[in-house]
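The values are calculated or read from the model by the stated rules, or taken from the named source; none is laboratory data. Quick caveat: nothing in here was measured; it's all calculated off a predicted structure. All Cβ positions, even for glycine, are placed from backbone atoms using ideal geometry, and neighbour counts span all protein chains on display.
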2 protein chains.
Amino acid sequence: MRPLLVSRSALRSATRASSSRLLPLCQAARFYSAKAGDLDASKLSITKTTSPKALSKAEDLVFGREFTDHMLTIEWTKEDGWKDPKITPYQNLSLDPATCVFHYAFECFEGMKAYKDKQGQVRLFRPEKNMARLNKSSARIALPTFEPKSLIELISKFAQLDSRFIPDKRGYSMYLRPTMIGTQKTLGVGPPGSALLYVIASPVGPYYPTGFKAISLEATDYAVRAWPGGVGDKKLGANYAPCILPQLQAASRGFQQNLWLFGEEEYVTEVGTMNMFVAIKNKETGQKELLTAPLDGTILEGVTRDSVLSLARERLVPQGWKVDERKYTMKELSEASQEGRLLEAFGAGTAAIVSPIRSISWKGDLVDCGLAKHEESGEIALQMKEWMEAIQYGDEEHEWSFVTSS
Amino acid sequence: MRPLLVSRSALRSATRASSSRLLPLCQAARFYSAKAGDLDASKLSITKTTSPKALSKAEDLVFGREFTDHMLTIEWTKEDGWKDPKITPYQNLSLDPATCVFHYAFECFEGMKAYKDKQGQVRLFRPEKNMARLNKSSARIALPTFEPKSLIELISKFAQLDSRFIPDKRGYSMYLRPTMIGTQKTLGVGPPGSALLYVIASPVGPYYPTGFKAISLEATDYAVRAWPGGVGDKKLGANYAPCILPQLQAASRGFQQNLWLFGEEEYVTEVGTMNMFVAIKNKETGQKELLTAPLDGTILEGVTRDSVLSLARERLVPQGWKVDERKYTMKELSEASQEGRLLEAFGAGTAAIVSPIRSISWKGDLVDCGLAKHEESGEIALQMKEWMEAIQYGDEEHEWSFVTSS
């Protein structure tokens, strides 16, 4: 079989066109405007559970396996817009088997966390970033958008109501999962005439309960996660199921995650479901550089990615670092590694904040990412985790931390 | 923003790697072998409805909006394999809001039809093709596979039980929707430990109740449906939701469907959710050629596509036609049109069998696809529809038509 042929100018025109044609129209189509049918937090009704769950021991928590007493749901229809928000006991969804979410993947989601500070206040971290991204994801698959502040208010009330599930220990939090699904129950392929926005919450422990454990990656070129003109920059369900098989295959060869490469140049894009950062010394100048791939339409716009970049610009640049969002290749990493210039590498995402990387399997070689044998994290990853947690848990007052009220 | 760069050799290696590495492993991982936990049609239990639905008038049927009295469901778990199949009254699915189908698009499906012949027998059309494709789709997203003959037997019994819903008129049928979803109720991203395979059925009328109506397409390059190393050749939910917005935008400019182009060369790939065929006269030789894009990993392996190709090779080649699966470009179509060599174009899929195309909007021009003003179909599309229906409705005895028994 011959491969499809793609050239630079085609991709250039696809990228240009997608920003100039697709997005403005998608925004025009369904982005909210204040009118009847808008999401209205003041209309929230709360039905409390009559059988509160027992709390698990904090150290027994597994990511996303246990959920709190309640859930937040808001129905939407094309005719009436957003209906009144409800907090109810956590319960199953009852859906017709023809519902479009089961057939055509009308689904998108967010991942965010609620933290308990030393005063017992419940804090969210940059929730407006999650709201903006959920609106972009939703609009891209013809699902409705919403007024961001209203949903933050509703999520705050929900987090407050179930705050007893948030362990008050550093590293623990309550993972919040806002989810939007299409609920129209017909098999015709078209924009859903109804949808459900819901939020569930799961108490979670630290990603690395006994301290960092650096992971090893398999550089993956035989499967391609995202493409220019595709939807890899949106948090759609569609981007996840296709990545499981490559993940299983990497695992079968002893690697914890895929490092997604792109194109003949083998650009480094993302690691598993995290954004990728590397710290290198510039070959010519010796300048220390923190690198991550640019938001070119194939990279998820991670909130942690953005936070790491901001903190690095504010706090590492004065220490002599350069911070750069640019394309970089696997070859560049391999060379830097061989020449002792690859200082460290780490993934960045909501679940782990940072996830240090020991090595990358690439073309039969193992590219060493700069950790000594006894080390499980580089300095930057460790520093970032400390800076981020200080803000998330309210030890440092910062505009990124949002104190909820009930 | 700079585009990502992809070159021929990268795509070649991705294509080679995906066939040599990904698929064998995926087959090894979960393709069925006869043992405990296999899908066993003999264990079917049937619970009939106590409130049979009234039949709608045949002429009021809308595709995929009404469903029959019953549904077929089979649960699967990693531990026990396939459980006993059940036919029950049509009913809602009750699923935990954390179920992985809602978050990570663990879902794939098939589209097939049951036809009533003149003797009142219920016939399926090449069901083994749908079973093979569903197994490929399912394996690609780490869902379980199954013994194809068992599911054909179960679907046959289901179609028999609800056969009163199949109108016995030419052009009418019962659309069958086998669907597989992941049902694990945790938020960790990994292979689902449980799944549900279900089949629902919807009586449907002819796609063109008053005769063919040729459609017009918008050649689409700003959004990309499928790419090498992706999953565009599988019938996954993930391939559908991202196509709705481009479809709405084409509609807003007066075009019924997108014609998906790929790459700088603007290869013609698919039309909406159908495969694409064109009939042209060769520029040098005058030879009449029926063309469709090859199965290179970016094209859905349509059952109708395969049937059209087979019938063309059997029945058109002796009439002097050449039949070719090869890449062809929008430029090639435009030139053929200008020189009067574009004889006709049509989409091919289960819903419409064939869907004639009048014109294609491309770079500000309208490429005429060869129909005279008063014509709604070319000869080949019309001929194909007649040949296919003769087999589907059992007027012509053919190995493709499968007579069900209860």
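Scanning segment B:48-63 for residues that are of a type in the set (D, E, K, R), more than 20 Å from residue B:177 (Cα to Cα) and in a loop (DSSP other than H, G, I, E, B) yields one hit, B:57.
So, in segment A:225-259, how many residues would count as being of a type in the set (Ser, Thr, Tyr) and either in contact (Cβ under 8 Å) with a residue 24 or more places away in the chain or assigned to a strand (DSSP E or B) (or both)? Even if it seems obvious, please write down each step before you answer.
Within segment A:225-259, the first condition is being of a type in the set (Ser, Thr, Tyr), and the residues that meet it are A:240, A:252.
This time we only want the ones that are either in contact (Cβ under 8 Å) with a residue 24 or more places away in the chain or assigned to a strand (DSSP E or B) (or both), so: A:240.
Residues flagged as of a type in the set (Ser, Thr, Tyr) and either in contact (Cβ under 8 Å) with a residue 24 or more places away in the chain or assigned to a strand (DSSP E or B) (or both) within segment A:225-259 amount to 1.
Here is a yes/no grid of residues against (1) surrounded by 23 or more Cβ atoms within 10 Å (Cβ to Cβ); (2) within 14 Å of chain B (Cβ to nearest Cβ); (3) not in a loop (DSSP other than H, G, I, E, B):
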position: A:270; (1), (2), (3): yes, yes, yes
position: A:275; (1), (2), (3): yes, no, yes
position: A:279; (1), (2), (3): yes, no, yes
position: A:286; (1), (2), (3): no, no, no
position: A:290; (1), (2), (3): yes, no, yes
position: A:306; (1), (2), (3): no, no, yes
position: A:310; (1), (2), (3): no, no, yes
position: A:313; (1), (2), (3): no, no, yes
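Residue B:320 meets all of the listed conditions (1) small (Gly, Ala, Ser); (2) surrounded by fewer than 22 Cβ atoms within 10 Å (Cβ to Cβ); (3) within 25 Å of residue B:216 (Cβ to Cβ) but one, namely (3). Do you know which residues across segment A:263-283 are within 21 Å of residue B:226 (Cβ to Cβ) and more than 20 Å from the chain's Cα centre (by Cα)? Across segment A:263-283, the qualifying residues are A:263, A:264, A:267.
Just to check your reading of the model, which residue among B:134, B:61, B:39 is surrounded by fewer than 23 Cβ atoms within 10 Å (Cβ to Cβ) and either within 21 Å of the chain's Cα centre (by Cα) or not acidic (Asp, Glu) (or both)? Talk me through it step by step, then tell me what you get.
Values: B:134 fails: surrounded by fewer than 23 Cβ atoms within 10 Å (Cβ to Cβ); B:39 fails: surrounded by fewer than 23 Cβ atoms within 10 Å (Cβ to Cβ).
From the options B:134, B:61, B:39, the qualifying one is B:61.
Scanning segment A:93-109 for residues that are out of contact with any Pro (no Cβ under 6 Å at 6 or more places or on another chain) and in a loop (DSSP other than H, G, I, E, B) gives A:96, A:97, A:98, A:99, A:105.
Screening residue B:241 on (1) within 14 Å of chain A (Cβ to nearest Cβ); (2) at pLDDT 95 or above; (3) under 18 Å from residue B:348 (Cβ atoms) shows it passes everything except condition (3). For segment B:233-249, a tally of residues being over 26 Å from residue B:180 (Cβ atoms) and surrounded by fewer than 22 Cβ atoms within 10 Å (Cβ to Cβ) returns 2.
Does any residue of segment A:143-166 turn out to be at pLDDT 95 or above, part of a loop (DSSP other than H, G, I, E, B) and touching a Pro at 6+ places or on another chain (Cβ under 6 Å)? No, segment A:143-166 has no match at all. Within segment B:200-213, does at least one residue satisfy the condition of being farther than 30 Å from residue B:160 by Cα, more than 12 Å from chain A (Cβ to nearest Cβ) and part of a strand (DSSP E or B)? No: zero hits. Number of residues in segment B:195-221 that are at pLDDT 95 or above, under 26 Å from residue A:101 (Cβ atoms) and not small (Gly, Ala, Ser): the value is 8. Residues in segment B:184-199 that are surrounded by fewer than 21 Cβ atoms within 10 Å (Cβ to Cβ) and either within 16 Å of the chain's Cα centre (by Cα) or more than 10 Å from every other protein chain (Cβ to nearest Cβ) (or both): B:193, B:194. Of everything in segment B:90-105 that is within 7 Å of chain A (Cβ to nearest Cβ) and in contact (Cβ under 8 Å) with a residue 12 or more places away in the chain, the residue that is nearest to the chain's Cα centre (by Cα) is B:105. Taking every residue in segment B:260-273 that is more than 14 Å from residue B:215 (Cβ to Cβ) and pairing it with any residue that is among the small types (Gly, Ala, Ser) and part of a strand (DSSP E or B), at least 6 positions away or on another chain, the pairs with Cβ-Cβ distances below 6 Å are B:261/B:219. When residues in segment B:57-83 are screened for being more than 13 Å from chain A (Cβ to nearest Cβ) and at pLDDT below 95, 4 of them pass.
Among the strands (runs of 3 or more DSSP E) confined wholly to segment B:316-398, which include 2 or more residues that are free of Cβ contacts under 8 Å to residues at least 40 places away in the same chain? Don't jump to the end; show me each part of the working.
Numbers: elements: B:322-325, B:342-349, B:353-362, B:365-368.
Fully inside segment B:316-398 and qualifying: B:322-325, B:365-368.
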